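J.: So that we are looking at the same thing, I have put the structure below in structure tokens.
The values are calculated or read from the model by the stated rules, or taken from the named source; none is laboratory data. Quick caveat, the model's predicted, so the values are computed rather than measured. Using ideal geometry, Cβ is built from the backbone for each residue, glycine included, and neighbour counts are taken over all protein chains shown. Surface areas here come from the heavy atoms of the whole protein model, side chains and all, with no ligands, DNA or RNA. Shrake-Rupley method; radii C 1.70, N 1.55, O 1.52, S 1.80 Å.
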Amino acid sequence: MDSFQALMARKEGDDITTSVETLTAADLPPGDVTIRVLYSSVNFKDALALTPGGGVVRDYPVVPGIDLTGEVVESQSPDFKAGDAVLAHGYQIGTGHHGGYAEYARLPADQVVKLGALSPYDGAAIGTAGFTAAMSVQALIDWGMATDASPVVVTGASGGVGSVSVDLLAGAGYRVVASTGKADAADRLKSLGAAEVIGRLPDDPDAKPRPLAKARWAAGVDCVGGATLADVLSAVDYGGAVACSGLTGGAALHTTVMPFILRGVALLGMDSVQMPIGPRRELWVRLGNSLRPRHLAEITTDVDIKDVVDVIDRVRAGAFSGRAVVRVAGGF
């Protein structure tokens, strides 16, 4: 580790530029655990980190990559030893702290998770997006959603969070309706377990929104926000819930209290960034066992780190579906 390669993002005027740079161990931030990074992934937040005004990075330069998997090479923590297979995501990784797009990373021990039953590749294939999906599905299970109720809708279903949510919900026995603007994604979503694939919600984007629509859904996983989330909330049946994690459709939510006070609908916010390490580790254990995605191979694309900026551009443009696993070790 005398020197290693990293993709560095720098702010130059109003632009964000990226280049491969040579770093040394002295360039890594403080931390208890040093990790040889094997894989990272691409998430919408990575696109924001490379977008002027994206709002997720306070200070440049930074190594992007909001999640990583790899092997511990040095540890000052009794919880980890050299050779442990680990992953990390959330907190300020890749936004305020050098992240996964480098051959080595150094992190506090209380931000690191042992991989357990998952391989480093599968851990990266799940990544931040898959973990957020698991949070959403687990929240609906904990809410008590019956599998014989009305369908559960997943919006933005062709994206990373959405596609894993479809897989996990179908695997848990729910009837899933997948909503997507990508007509060519229908066959793949059905292969993940969707009983039906529909277009974007609302069905008629020009229609005047109704405070309360006919009940269509027992629950929802919303990866879009904005008008889509408002439409889903208006159509959730009595006692249902919507797990929300997305804002690609906008951060504003123009709705009323009607779904909440007349149908007892709950809006459950999903935040994987600051989730405490204890519950985080517990959910990763479930992801390796009872909540393990069944179709990771079908939703995963392999990417070398040298090509990651091109993939990020496609994610930003809404032109990428599923999950991108970034090969970091040997990929520069």
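J.: Would you kindly find the accessible area of VAL113, with a 1.4 Å probe and non-protein molecules such as ligands, DNA and RNA excluded, rounding to the nearest 10 Å²?
T.: Rounded to the nearest 10, that gives 0 Å².
J.: R0 = 22 Å: FRET efficiency of SER3 with ARG58, Cβ-based, nearest 0.05?
T.: Once the sixth-power term is evaluated, E becomes 0.20.
J.: How far is the Cα center of the stretch 253-318 from the Cα center of the stretch 184-216, in Å?
T.: Centre-to-centre (Cα) distance: 19 Å.
J.: Label points 7 Å out from Cα along the Cβ direction at ILE261 and ALA82: separation in nm?
T.: Between ILE261 and ALA82, the simple spin-label model gives 6.4 nm.
J.: Which entries in LYS114/LYS182; LYS11/LYS114; LYS11/LYS81; LYS45/LYS190 show an alpha-carbon gap greater than 31 Å?
T.: LYS114/LYS182; LYS11/LYS114; LYS11/LYS81
J.: Out of all DSSP beta bridges with both ends in the chain, state the antiparallel percent to the nearest 5.
T.: In the chain, DSSP labels about 55 percent of beta bridges as antiparallel.
J.: Using a cut-off of 9 Å between beta-carbons, work out the net charge of the residues near LEU50 (Lys and Arg +1, Asp and Glu -1, LEU50 not included).
T.: Result for the local shell: -1.
J.: Along the Cα→Cβ direction, 7 angstrom out, place labels at ARG281 and LYS190. What is the inter-label distance in nm?
T.: It is 4.4 nm.
J.: How many Å² of accessible area per residue for the stretch 143-281, probe 1.4 Å?
T.: 45
J.: If you count, for each residue, the other Cβ atoms within 10 Å and average over each peptide, how do 96-106, 134-144, 285-295 line up from highest to lowest?
T.: Going from most to least packed, we get 96-106, 134-144, 285-295.
J.: Shifting gears a bit: Within the chain, which DSSP H helices have Cα atoms that stretch 30 Å or more along the helix axis and a mean Kyte-Doolittle hydropathy of at least 0.0?
T.: 120-143
J.: While we're on this one: Given a 1.4 angstrom probe, I'd like the percentage of the accessible area of the chain that is carbon and sulfur, rounded to a whole number. Before the final figure, lay out each step's value.
T.: Numbers: 7020 of 14020 Å².
Summing carbon and sulfur atoms, their accessible area is 50 percent of the total for the chain.
J.: Calculated from DSSP H runs of 4 or more alone, at -39500 (n - 2.57) each and per residue, what is the 222 nm mean residue ellipticity of the chain, nearest 500? Don't skip to the answer; put the middle values down first.
T.: Numbers: 9 runs with 87 residues, N = 332.
Taking each H run of at least 4 residues, the total per residue is -7500 deg cm²/dmol.
J.: Excluding ALA178 itself, calculate the net charge of residues whose Cβ lies under 10 Å from the Cβ of ALA178, where each Lys or Arg counts +1 and each Asp or Glu counts -1.
T.: It works out to a net charge of +1.
J.: Relative contact order of the stretch 129-269, please, whole-number percent, based on alpha carbon pairs below 8 angstrom and at least 6 residues apart. Each step should come with its number before you reach the end.
T.: On the way: 313 pairs, mean separation 32.0, N = 141.
Reported relative contact order: 23 percent.
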